[in-house]
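Nothing in this text is a laboratory measurement; each read-out follows from the coordinates by a stated rule. Because the structure is predicted, anything quoted here is derived from the model rather than measured. Ideal geometry is used to build each Cβ from the backbone, glycine not excepted, and the neighbour counts take in all protein chains shown.
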Amino acid sequence: MAVPGQLTYTRRLGPTARLLIWLLIGLGFAVLDSRYHALDGLRSGFSLLLQPVRAMLRAPPDVAAELGGFFTRHRLLQKERDTLLADRARLMVDVSAARELRRENAELRALLKLQTRPGQQVVHAAQLYRGHDWFAQRITLDQGGGAGLRSGLPVVDAAGLVGQVTRVYPRSSEVTLVSSREQLTPVFVERTGQRGLAAGSGQNQMELRYMPAQTDIRPGDRLLTSGIDRVYPAGMPVARVSRVSRSQSSPYLRVECLPLAGLDRSRAVLVLIAEPQVTPQ
């Protein structure tokens, strides 16, 4: 009956003795593992069992790093996109400004080439804006009474007659366009010499009134000022015939015309101040 005696002996071992025994056992396993690799299988098994645990412990930092990289890349891409959009907007503004500058330069060169009769005084003016009343067909210039302007003076651009000064202020003036319903312009057909009266019909259009049905006039004919009203000098381009129609119920033709001048599109214009002085013979 040695077993009871052994159990009694074991129970009598103190904590220090038990610790020493476990150290000796561990040392023995270490010696066996270092010489004979006895624990390789056990170690591999534990490593395999602990692999999911290690993956779970490593996942949060990896996910955080990936998310941080994603948001960093997103901010960089958004900043790059905003920069490209700003550059594109600036480029569009520069292109538009260059195009407008070329157009204004072309208008100014054309005005410089505009032939005025000897002794004719002119004032160079620029269009400030168009009036709010579309049907009134008016524009405002940056020159007024201070530059010698007065009501009734003709206004032209490089292509033809723009209109007539109708209101004058110290530093600006108002011009009623030839396409206004308020304007009547005596003209003649350049090809035939036929006289007529061009009236504004609104929205940058005109019509030639009171032309008998048998009149020789066709689309493409150019209309020039006749000068009989003593408002506009004779021979100034006014409009071009765009359509001619006949009616059985009317003795007159319906002649539609388009103004030759840029009207509200022209930035630079000339105001004709005074007629040439005629020297008595």
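Tabulated data for the structure shown
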{"read-out": "T166 long-range amide H proximity, modeled H, under 5 Å", "value": "G152, E174, V175, T176"}
{"read-out": "Burial order of peptide ranges 207-213, 82-88, 252-258 (average beta-carbon count within 10 Å, highest first)", "value": "252-258, 207-213, 82-88"}
{"read-out": "Residue order, fewest to most beta carbons within 10 Å, for S242, S180", "value": "S242, S180"}
{"read-out": "For Q183, residues with placed amide H under 5 Å, excluding near neighbours", "value": "G200"}
{"read-out": "Viscosity 0.692 mPa s, 37 °C: Kirkwood-radius Stokes-Einstein D of region 171-247 over Cα pairs, µm²/s", "value": "253 µm²/s"}
{"read-out": "Globularity ratio of region 121-274, using Cα Rg and 2.2 N^0.38 Å", "value": "1.04"}
{"read-out": "Vicinal HN-Hα couplings computed from phi for region 185-201 (Karplus, 6.51 cos²θ - 1.76 cosθ + 1.60; Hz; Gly/Pro x)", "value": "10, x, 9, 9, 7, 4, 6, 10, x, 5, 8, x, 10, 8, 10, x, 10"}
{"read-out": "Among L128, I217, S180 the positive-end extreme of the charge dipole of region 121-274 (Cβ point charges)", "value": "I217"}
{"read-out": "Residue exposure sequence - H124, H74 - by fewest surrounding Cβ within 10 Å", "value": "H74, H124"}
{"read-out": "Neighbour net charge for I217 - beta-carbon separation under 14 angstrom, K R +1, D E -1", "value": "+4"}
